[in-house]
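Read the figures in this text as sums done on the coordinates, not as results from a lab. None of the values given here were measured: they were computed from a predicted structure. All Cβ positions, even for glycine, are placed from backbone atoms using ideal geometry, and neighbour counts span all protein chains on display.
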Amino acid sequence: MNQQLPSDDELIPRLLAHDEAAYTQVVSAYHGLMVHLARAIVGAAIADEVAQEAWLAVIKALPRFERRSSLKTWILRIVSNTAKTRLRHESRTVSLEDTLGDQANIDPSQFNTSGRWASPPTVWHADTPDDLLASQELRACIDTTLRALPHLQRAALTLRDMQGLDMESICKVLEVSESNGRVLLHRARNRIQAAIEEFYQ
Amino acid sequence: MKMIPSCREITEQASDYLDQNLPPWKRAAFRMHLLMCIYCRRHVKHLGLTISTLGKIAAEENARENSDIQQIVELIKQELEETPGQKGEDCR
Ligand SMILES: [Zn+2]
């Protein structure tokens with residue numbers, strides 16, 4: 001796979017000087033992640049196209065990059081914006097209001113008026129991810145739920161729990177506040193958990 | 001203000017709890033509730049398992065996928081030929 005990526009300080013001047021080896025290193029390191037993020041926002045069908053478009057935008061914008069974030073975060077933000085623009089062109093919206101206004105997914109009837117469980121969680125009979133994923137049916141159910149998440153929720157979940165980015169970078173990439181970023185992540189996780197829960201009921 | 005959160009509040013804070021993002025006093029109250037409530041212990045355990053399962057799915061996907069890096073680099077090369085670089089000497 002890719003060797004250790006040089007620091008931004010070393011990479012950026014080389015990229016600006018059109019050093020092909022530097023581009024190869026950066027593409028190897030970040031392209032996969034870019035496709036995952038694009039897929040979360042625009043769906044699988046055009047994710048590759050969006051990632052390519054983002055590379056061209058990166059080349060254009062690099063001379064104006066002010067280094068207020070890491071190169072990685074900056075590139076991912078370009079992917080996020082390219083993807084959002086694409087959605088807008090297809091008149092699908094990706095507004096934060098839509099995503100946050102969306103019902104929190106823990107069903108209020110699960111609790112009684114004093115806030116205690118009225119219908120407690122079922123036992124899952126699974127202790128590890130492998131136990132859960134042994135069922136093809138459950139795997140498919142998680143996948144369907146992931147794809148049905150609101151765009152920004154899916155993007156936050158993909159970057160945090162699936163690709164391991166820290167929350168601060170994620171909020172910069174998606175251009176949301178820290179607290180909104182946490183709400184997006186929380187809701188997305190709850191939806192997946194609720195889908196697994198339903199499977200075991 | 002009451003000291004110990006309700007089950008409902010536990011479900012609202014669980015994500016931040018697992019991310020170590022609750023302030024110390026809230027974290028302590030959260031743990032106090034867990035000590036007394038088997039259902040919330042179960043809920044939090046399930047959320048943790050949900051998160052690690054997502055990580056596992058991603059690891060499998062990442063291993064399976066290999067986008068054509070060379071194809072992207074070719075595309076970039078073409079674009080660079082049409083874009084002025086910052087080498088200095090070839091600017092004038
Ligand atoms: Zn409880």
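What longest region of chain A stays clear of trypsin sites (Lys or Arg not before Pro) that DSSP places outside H, G, I, E and B and that have at most 13 other Cβ atoms within 10 Å?
That would be A:93-201.
Once the dipole of chain A is set up with Lys and Arg at +1 and Asp and Glu at -1 on Cβ about the Cα centre, which of A:Val176, A:Pro6, A:Pro129 lies farthest towards its positive end?
Most positive-ward Cα: A:Val176.
Whole-Hz ³J(HN,Hα) for each residue in segment A:13-20, computed from phi via Karplus 6.51 cos²θ - 1.76 cosθ + 1.60 with θ = phi - 60°, x for glycine and proline: what do you get?
Here the 3J(HN,Hα) series is x, 5, 5, 5, 8, 6, 6, 4 Hz.
Treat each spin label as a single point 7 Å out from the Cα along the C-beta direction, and report the A:Met167 to B:Met32 distance in nm.
2.3 nm
For the cross-link pairs A:Lys84/B:Lys56; A:Lys172/B:Lys56; A:Lys60/A:Lys172; A:Lys60/B:Lys56, which exceed 31 Å when the distance is taken from alpha carbon to alpha carbon?
Among A:Lys84/B:Lys56; A:Lys172/B:Lys56; A:Lys60/A:Lys172; A:Lys60/B:Lys56, the Cα-Cα distance tops 31 Å for A:Lys60/B:Lys56.
For n ≥ 4 DSSP H runs only, could you compute -39500 (n - 2.57) per run for chain A, divide by its residues and tell me the 222 nm figure to the nearest 500?
Counting only the DSSP helices, I get -20500 deg cm²/dmol.
Express in whole angstrom the spacing between the alpha-carbon centres of segment B:1-80 and segment A:1-37.
Their Cα centres are 28 Å away from one another.
With springs connecting C-alpha atoms under 10 Å apart, model chain A as a Gaussian network and identify which of A:Glu53, A:Glu178, A:Glu66 has the largest mean-square fluctuation.
A:Glu66
Using only alpha carbon pairs under 8 Å that are at least six residues apart, calculate the relative contact order of chain A and give it in whole percent.
For chain A, the relative contact order is 23 percent.
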